[in-house]
Structures are given as structure tokens and as C-alpha cells.
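Asks: What follows is a structure written as C-alpha cells; I'll ask about it next.
The values are calculated or read from the model by the stated rules, or taken from the named source; none is laboratory data. This one's a predicted model, so the numbers in the text were calculated from it and none came from an experiment. Here the Cβ positions follow ideal geometry from the backbone for every residue, glycine too, while neighbour counts run over all protein chains shown. We work out accessible area using only protein heavy atoms, side chains counted, and drop any ligands, DNA or RNA first. Shrake-Rupley method; radii C 1.70, N 1.55, O 1.52, S 1.80 Å.
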Amino acid sequence: MRRVLIACLLANIALFSGASSASERLSVVSSIKPLQLLVTAIGGEAVDSRLLLAPGFSPHDAQLKPSQWQMLNKAELLVWVGPPLERFLASTLAGSSKALALYGDADEDPGDPHIWMNVARVLQMSADLSERLSLLRPKQRALFEANAARLRSALDAQHEAFLQSLTTRPPTYLLPHNGYSHFERQYGLAPAAVLSPHDEQMPGTAHIADLRSRLLKGEFECVFREPQQSSRLISRLLSGVDVRVIPLDPMGAGVANARHGFEQYYRGLGEAFMACQRPG
């Protein structure tokens with residue numbers, strides 16, 4: 001009798017362990033916050049969506065800590081843009097069966113890897129993510145596909161609203177740096193000037209002086225400012241200048257990693273440019 005009880009107990013333990021394993025969430029690490037938001041939108045509760053680089057760190061030349069290497073090693077799926085953006089991951093992830101690079105050869109602007117700012121590219125990325133997640137968790141395919149369809153509907157609606165507003169009267173603005181061409185091209189936008197033409201270099205004194213002269217003449221309706229920008233540089237540029245300063249969050253620093261996070265992120269981009277149109 002005792003042996004029977006022990007056997008039943010062991011069988012129950014095995015059954016419980018198997019059920020736990022079957023329902024275990026898929027571990028996905030994304031290189032940057034916008035991709036993490038996209039993974040969360042598609043994966044929902046079936047995915048443990050983690051972030052490799054905090055929004056304040058540049059994805060161009062980051063240096064990984066041992067804890068971040070452990071995160072990469074333990075993940076079942078690694079989502080990144082690709083070598084044009086995360087150069088520090090190129091040698092590690094190139095050819096890895098666990099990695100999903102979302103940057104494709106068909107991208108319109110090979111010089112700008114910020115592809116998550118273009119609705120058409122995001123929808124393609126969503127489909128790619130849904131398919132890869134489905135291969136790793138086949139029983140959750142319906143969930144992933146439904147989430148991708150929901151995101152498509154939400155982004156299509158936002159895109160149409162931005163088209164109607166931004167193409168009617170494109171604003172005149174000063175950007176922190178080049179890197180918004182994927183977003184701008186959709187709506188016929190282009191910066192009147194850029195504070196830092198080269199991401200890896202601080203703007204020179206002559207460039208700052210020229211921008212200040214243009215600002216004092218009222219050439220810009222607004223100046224966009226990113227969370228990680230140097231407050232000293234902005235103060236120097238805008239001292240004595242009467243111009244609207246509008247926050248712009250390209251890496252989603254202020255967006256919670258939640259189901260509707262990517263929609264909130266993209267809406268924030270569009271609303272920032274729309275705010276530049278309005279009177280102060």
C-alpha cells in the first residue's frame with residue numbers, strides 16, 4: 001500500500017511539473033525599448049519580454065555587462081534591428097539560430113536603421129515576430145496572430161490621423177539629430193535644421209552660433225528635445241530665445257512595457273510633431 005501511495009505521489013509530481021513546463025512563458029530579450037514594446041504587444045502574457053539596453057544607452061557602441069551576457073545566453077529568442085544599429089552585437093548574433101534581425105534589405109533608407117518609426121515596417125516586423133514566436137510556441141499561434149492583427153488596426157488608425165494633420169501643414173522644426181527619416185518620410189516632413197548632424201560628434205561652435213541666429217530670427221516653430229540630451233548644450237542654444245521646446249522620445253524611455261505600449265509610443269511621436277504645428 002505504501003509503495004502504491006509513493007508511486008501515485010511521484011506521478012502527480014511529474015504531471016504537475018509537465019504542466020508547468022508547458023505553460024512556461026517564452027523568454028525573449030530585445031536589444032532596445034521600442035522592440036521590447038513590440039514583442040510585448042505581439043507576445044502578450046505568453047512571453048517574458050525583457051530589455052537588454054536601457055533607453056539612455058546608445059545602441060551603436062554599447063558595452064555589455066556580465067549580467068547582460070547571461071540574459072542573452074538564457075533567452076530563447078533575441079530580437080534586434082541588425083548590424084546597422086547594434087554594431088556591438090553583430091559578431092555575437094550574426095548567424096545565431098536564437099536571433100531575429102528585423103532590418104531587411106528592402107528598407108527604404110539604408111543610412112537610417114530606426115525602422116520602428118515607420119508604420120509599414122512595423123507591421124512587417126509584427127508579422128515576422130508573430131511567425132517566429134509561433135514556431136517556438138505553436139499552441140499560442142492564434143494568440144500571437146490575434147495580437148498582431150489588433151496592433152495593425154490600432155496603428156493604421158493612428159497613421160491615418162497623423163496623415164490628415166501633418167501633411168496639411170508640415171511644421172518647421174529643429175531636430176536633435178538625424179534619425180527620424182522613416183517617420184518623416186511618411187508624412188512629407190523634413191527638419192529645417194539638425195542640432196547634431198553626426199551622432200558620434202558634438203556640434204561645433206560655429207554650428208551652434210548659426211542655429212542661435214536662426215532661432216532668434218524665428219525660423220523654427222519648435223525645437224525638439226530628447227530625454228538624454230545634454231541640458232547644458234540646450235541651455236546654451238536656447239538662452240534668450242523665445243521658442244517652444246517639445247519633448248521627443250525616440251527610444252520610448254517614458255513608456256511602460258505593457259500590452260498597448262507600442263501604440264502609446266508611436267502616438268507620442270506623432271503628437272509631438274503635431275504639437276509643433278499649434279500656436280504656443
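Asks: So, with a 1.4 angstrom probe, what is the percent of accessible area on segment 204-280 that is carbon and sulfur?
Replies: Working: 1980 of 3920 Å².
C and S atoms contribute 50 percent here.
Asks: Hey, another quick one. Provide, as a two-decimal number, the C-alpha radius of gyration of segment 214-280 over 2.2 N^0.38 Å, N being how many residues it has. Kindly include the intermediate steps, with their values, before the conclusion.
Replies: Values: Rg = 13.8 Å, N = 67, 2.2 N^0.38 = 10.9 Å.
Dividing the Cα radius of gyration by 2.2 N^0.38 Å gives 1.27.
Asks: Hey, of (i) 18.5; (ii) 21.2; (iii) 16.1, which did the structure itself give for mean projected area of the Cα convex hull in nm² when calculated?
Replies: (i)
Asks: Name the residues whose placed amide hydrogens come within less than 5 Å of the amide hydrogen of residue 51, ignoring near sequence neighbours (fewer than 5 apart) on the same chain.
Replies: So residue 51 has HN proximity to 30.
Asks: Now for a different question. So, for the chain, what is the accessible surface per residue at a probe of 1.4 Å, expressed in square angstrom? Kindly include the intermediate steps, with their values, before the conclusion.
Replies: On the way: 14200 Å² over 280 residues.
On a per-residue basis, the chain sits at 51 Å².
Asks: Still on this model: In deg cm²/dmol and to the nearest 500, what is the mean residue ellipticity at 222 nm of the chain if only DSSP H runs of at least 4 residues count, each as -39500 (n - 2.57), divided by the residue total? Intermediate values should be presented prior to the final figure.
Replies: Values: 10 runs with 130 residues, N = 280.
So the helix-based figure for the chain works out to -14500 deg cm²/dmol.
Asks: Charges only on Cβ, +1 for Lys and Arg, -1 for Asp and Glu: so what's the dipole of segment 63-149 about the Cα centre, in debye to the nearest 20?
Replies: Details: 9 positive and 10 negative charges, 124 e Å.
That gives segment 63-149 a dipole magnitude of about 600 debye.
Asks: Placing +1 on the Cβ of each Lys and Arg and -1 on the Cβ of each Asp and Glu in the chain, which of 81, 32, 167 has its Cα farthest towards the positive end of the resulting dipole?
Replies: Going by the charge dipole, the pick is 32.
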